[in-house]
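Encoded as structure tokens, the structure appears first; notes follow it.
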Amino acid sequence: MLIEIVASVLVLLGGAFTLVGSIGLVRLPDFFTRLHAPTKAATLGVGGIVAAGLVQSAAAGTMGLRELAIALFLFITAPVSAHLLSKAVLRHRDPPGS
Amino acid sequence: MSRVLPQPLVSLMILALWIAIAPSPSLGQVVLGSVVALAIPWFTHPFWPDPPRLLRPGVAALLFLRVIWDIVVANVEVARLVLGPADRLHPVFIELPLEIDDPFVATILASIITLTPGTLSVDIDRARRVLLVHALDVADVPATIDTIKRRYEAPLKEIFGC
């Protein structure tokens, strides 16, 4: 019972941060500020859901290696995709500050 | 560094990950994982810079925990900015002078900057040794540069001795 509650709270937290990331995409004024919302929210959003999975698999007596692998991939790919997006935009625009 | 195994450590990591993700560990999965673990470094090693030696694993573990904590703080902070009044933001571009020369370590620093509070790595200017960072809401640019240097760059220099 306790485990289900903890896992549910983590899933809800993860979902809330993902939602905030999406709201940020809509509300923030330009490309670079918009980029902030999903790169951060996606990490903790998915992070929360992965943590819930970890709690569940720990309760079931397994190691939860799959969840850890998901978290690892996410932490490596989020900065790289943000970097590629911003590099692409810089190429097609005047450099900042000009 | 042999021809068959250009990066033994990377191969080992890929194999371990493959088995960890596999639905059930079996001999077939180990064989399949080994093929992938051999093939990926073979294709990607021309893109890899020589990774420097990890000199201070203890400092690395501390930095890892600090970054995890900062990611949580970053999310709360960004959530507050996103849901608050948008016209009060002060987005700026910051040119961060790099002391790190090694491309591998500089990449780690850039990734940490992207994942942590209100900052995003945009571009690395290797010739001028400047990292272009976009900040979501910063009033004091020198203080931000100082924080990044103290919190992340200094430990990275210590960890890899560069």
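The values are calculated or read from the model by the stated rules, or taken from the named source; none is laboratory data. Values in this document were obtained by computation on a predicted structure and should not be read as measured data. So basically every Cβ, Gly included, is an ideal-geometry build from the backbone, and we count neighbours across all protein chains shown.
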Collect the residues in the range B:105-143 that are touching a Leu at 6+ places or on another chain (Cβ under 9 Å) and in a helix (DSSP H, G or I), keeping them in residue-number order.
B:Val105, B:Ala106, B:Ile108, B:Leu109, B:Ala110, B:Ile112, B:Ile113, B:Thr114
For the condition more than 9 Å from chain B (Cβ to nearest Cβ) and either without any contact (Cβ under 8 Å) to a residue 12 or more places away in the chain or surrounded by fewer than 20 Cβ atoms within 10 Å (Cβ to Cβ) (or both), what is the one hit in A:Leu28, A:Leu2?
A:Leu2
For the condition free of Cβ contacts under 8 Å to residues at least 24 places away in the same chain, under 19 Å from B:Pro91 (Cβ atoms) and more than 8 Å from every other protein chain (Cβ to nearest Cβ), what is the one hit in A:Arg34, A:Arg91?
A:Arg34
Does the range B:12-61 hold any residues that are farther than 24 Å from B:Lys157 by Cβ, touching a residue at least 12 places away in the same chain (Cβ under 8 Å) and loosely packed, with under 11 Cβ neighbours inside 10 Å, and which are they?
none
Scan the range B:22-41 and tell me whether some residue there is under 30 Å from B:Thr147 (Cβ atoms) and of a type in the set (A, V, I, L, M).
no
Within the range A:58-77, the residues that are more than 7 Å from every other protein chain (Cβ to nearest Cβ), small (Gly, Ala, Ser) and part of a helix (DSSP H, G or I) are A:Ala58, A:Ala59, A:Ala71
Search result, residues across the range B:92-104 that are out of contact with any Pro (no Cβ under 8 Å at 6 or more places or on another chain) and part of a loop (DSSP other than H, G, I, E, B)
B:Leu98, B:Glu99, B:Ile100, B:Asp101
From (1) over 10 Å from the mean Cα position of the chain (by Cα); (2) assigned to a helix (DSSP H, G or I); (3) not polar (S, T, N, Q), pick out the condition that doesn't hold for A:Ala41.
(1)
Sole residue being modelled with pLDDT under 85, out of contact with any His (no Cβ under 7 Å at 6 or more places or on another chain) and in the same structural domain as B:Thr147 (by TED's automatic domain parsing), chosen from B:Leu109, B:Leu81
B:Leu81
